[in-house]
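Note sheet for the following structure.
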Amino acid sequence: MYKRTWNKKYGKSQIFTKDDSFCQNVEIDMVRLAEGEIKSYNESDKEFGVLILTGKCTVEGDGFKYENIGERETVFDGNATCVYVPRNTDFKITGCSDVKIAVTKCPSTKDHKPVLIKPEDVVAKEMGKPGWERHAMFVLDERVEADQIYIGECWIEGGQWSSYPPHKHDDMNMPTEAATEEIYYYEFDKPQGFGIQKVYTKEGDVDETYTVKSGDFVEIPRGYHPFHTAPGYKNYMLWIMAGPVRGFYMTTDEEHKWLNG
């Protein structure tokens, strides 16, 4: 129900659109370009997060041109490079090598400035406790002025959980919890690597469990969403959140809250 897969073919692959998704505040394209190939965007009233997974490209639009950006050969080779593009701004992406890019879109009603987020701008944090430890990287966060878009990454070692103890962020109950949709994208350090993603609600109307491999996505319109990486396989997770209040405002499943003690 919530799972999708990217085939990693060249060109633009629309993974989640507003008309074909449970999430209504976030859309995602995956773009793969060979050197010299171009993909253009012209969409009204949307802000964009252009996150370079691997390879190099040039991103340019009205008033900005970021040339030959991107420093990773794999998603495990350091921090990401990302470009924030404000609403009603035509732009294009040109491959400077074989490049893979996640293009996130959110509805936007305000004008902001384009921003280049370099690897050295990314904030890294070690999060969790033994059993649910991960290396989190905050990329397009509160430091960048935007309406809804909020992007980060994680590296999760084999045998560890993430988004654990299970938490949710689907009710507007500030300052504790904000209504925020989320989408996960996964890659693993070995082709056969895999993980287990759950999405469930307290009410029980949603109770989904997915096996995910490299190239898979799971959208989380609501509910708790713990994830586990199979032992022996390191996981990369791109997490994309979208909502009117940007940030980590969430509540833990009451049955598992004791784990935070």
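Throughout, read-outs are computed from the coordinates displayed, never taken from laboratory work. None of these values were measured; they are calculated from a predicted model. Note: ideal-geometry Cβ built from the backbone for every residue, glycine included; neighbour counts use all protein chains shown.
Please name whichever of TYR84, VAL26, VAL218 sits farthest to the positive end of the charge dipole of the range 9-260, dipole taken about the Cα centre and charges placed at Cβ: Lys and Arg +1, Asp and Glu -1. Checked the options; the winner is TYR84.
Could you give me D for the range 1-111, from Stokes-Einstein at 25 °C and 0.890 mPa s, where the hydrodynamic radius is the Kirkwood radius over C-alpha pairs? Units µm² s⁻¹, please. Could you put the intermediate results ahead of the total?
Working: Rh = 14.3 Å.
Using the Kirkwood radius from Cα pairs, D works out to 172 µm²/s.
Its Kirkwood hydrodynamic radius, worked out from the mean inverse distance over all distinct Cα pairs, puts the range 132-261 at 15.0 Å. Computed packing ranks the peptides 132-138, 187-193 as 132-138, 187-193, most packed first, by mean other Cβ atoms within 10 Å.
Given that compact globular proteins tend to follow 2.2 N^0.38 Å, what is the ratio of the alpha-carbon Rg of the chain to that value? Present the calculation step by step, with values, prior to reporting the outcome.
On the way: Rg = 17.5 Å, N = 261, 2.2 N^0.38 = 18.2 Å.
This ratio for the chain stands at 0.96.
Think of each Lys and Arg Cβ as +1 and each Asp and Glu Cβ as -1; about the Cα centre, that makes the dipole of the chain roughly 500 debye.
For the residue pairs LYS56/LYS105; LYS3/LYS105; LYS3/LYS56, alpha carbon separations beyond 26 Å are given by LYS3/LYS56. With the cut-off at under 14 Å, measuring from each backbone N in the range 36-61 to a point 7 Å along the Cα-to-Cβ line of ASN68 picks out 36, 56-59. Whole-percent P(r), the range 137-181, all Cα pairs, 5 Å bins from 0: 6, 16, 16, 27, 21, 11, 4, 0.
How high is the relative contact order of the range 9-260? Use alpha-carbon pairs under 8 Å, at least six apart in sequence, and give a whole percent.
On the way: 705 pairs, mean separation 46.8, N = 252.
Taking the mean separation of contacting Cα pairs over the length of the range 9-260, I get 19 percent.
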